[in-house]
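This report refers to the structure that appears directly beneath it.
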């Protein structure tokens, strides 16, 4: 753990493992603690870096209106602080949207971009509208069994016990509701489906088969905004696939990154021979 002073706030950061650099961007709630299981698996193959967004540790820091540009600036500054040369960038859900926007603007700074539970745009579906309404007007206790069962929808089934569901809920509600609502407002403006520019770095896109927040059509559109992409549907998993099957997610990411490294090495050798 460490603290890094950025222009907008002081970020709490953490680093795990050894290997090629992989920067993990958390979702809309729960911070990097919620991604603990998949980070643990990824740290067996990578040196994993992550940090807490604005408002995660101090919700007063979000009193001013924020946009994706603020999150992109924070990410840019923290990558510079770490001194990483073309790291791999993995974002889950909201973090995936941030990763995609950053990759569009700064492709020369990344080795690859990887997302899970992210499409080419925000889908204004029933679940998102319901969540936004609830978060705007009601204080939700993290001990309410009825409220916590809402998280079963994100898991795509009943694969987790009630105790595990409660633990997930506690992790998510550790992020202040006002902060979550602020990030939802930002996410509503996310749309890279109609941009003329495409993501130039190698891309890996993952979607849980039972992800109710991401339609197949929206997910498929990611191929159209990326020059070089690999798509995976994760059978039986939901929006929180990184918690349901962290070992599978880590293996797919590892195979992708190390395969790209081999391809880059082959290209480098070909240029030398030429």
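With respect to (1) crowded, with 16+ Cβ neighbours inside 10 Å; (2) at pLDDT 80 or above, the lone exception for residue 169 is condition (2).
Tallying residues that are surrounded by fewer than 19 Cβ atoms within 10 Å (Cβ to Cβ), in contact (Cβ under 8 Å) with a residue 60 or more places away in the chain and touching a strand residue (DSSP E or B) at 6+ places or on another chain (Cβ under 7 Å) within region 21-57 yields 0.
Counting the residues of region 81-93 that are under 24 Å from residue 122 (Cα atoms) and at pLDDT 95 or above gives 5.
For region 202-233, give me each residue that is free of Cβ contacts under 8 Å to residues at least 40 places away in the same chain and under 23 Å from residue 87 (Cβ atoms). Walk me through it before giving the result.
So in region 202-233, the residues free of Cβ contacts under 8 Å to residues at least 40 places away in the same chain come out as 216-217, 220, 223, 226-233.
Matches in region 202-233: 226, 227, 228, 229, 230, 231, 232.
Report, by residue number, each residue of region 198-209 that is part of a loop (DSSP other than H, G, I, E, B) and either under 13 Å from residue 101 (Cα atoms) or under 14 Å from the mean Cα position of the chain (by Cα) (or both).
First, pick out the residues of region 198-209 that are part of a loop (DSSP other than H, G, I, E, B): 198, 200-202, 209.
Matches in region 198-209: 198, 200, 201.
Residue by residue, here is whether (1) under 13 Å from residue 96 (Cβ atoms); (2) modelled with pLDDT of 95 or more holds:
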position	(1), (2)
185	no, no
188	no, no
196	no, no
211	yes, no
227	no, no
231	no, yes
237	no, no
253	yes, yes
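Whether any residue in region 149-156 is at pLDDT below 95 and part of a loop (DSSP other than H, G, I, E, B) is what I want to check. Break it down into steps so the answer makes sense when it comes.
Filtering region 149-156 for residues at pLDDT below 95 gives 149-156.
Narrowing further to those that are part of a loop (DSSP other than H, G, I, E, B): 156.
Yes: one or more hits.
Each row is one residue, and each column tells you yes or no for (1) part of a helix (DSSP H, G or I); (2) under 24 Å from residue 109 (Cβ atoms); (3) under 13 Å from the mean Cα position of the chain (by Cα); (4) modelled with pLDDT of 95 or more.
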site	(1), (2), (3), (4)
15	no, yes, no, yes
18	no, yes, no, yes
41	yes, no, no, yes
57	no, no, no, no
61	yes, no, no, no
69	yes, yes, no, no
76	yes, yes, no, yes
79	yes, yes, no, yes
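Condition check: within 18 Å of residue 24 (Cα to Cα), surrounded by 14 or more Cβ atoms within 10 Å (Cβ to Cβ) and at pLDDT 80 or above. Does residue 243 satisfy that? Yes. Kindly indicate whether any position in region 66-79 is without any contact (Cβ under 8 Å) to a residue 60 or more places away in the chain, more than 16 Å from residue 181 (Cα to Cα) and buried (at least 20 other Cβ atoms within 10 Å of the Cβ). Within region 66-79, one or more residues are without any contact (Cβ under 8 Å) to a residue 60 or more places away in the chain, more than 16 Å from residue 181 (Cα to Cα) and buried (at least 20 other Cβ atoms within 10 Å of the Cβ). Considered as a group, the residues in region 1-11 that are touching a strand residue (DSSP E or B) at 6+ places or on another chain (Cβ under 6 Å) and under 21 Å from residue 180 (Cβ atoms) include one that is surrounded by the fewest Cβ atoms within 10 Å (Cβ to Cβ), and that residue is 10.
The values are calculated or read from the model by the stated rules, or taken from the named source; none is laboratory data. Predicted model only: the values in this text are computed from it and were never measured. Cβ: placed from backbone, ideal geometry, glycine included. Neighbour counts: every protein chain shown.
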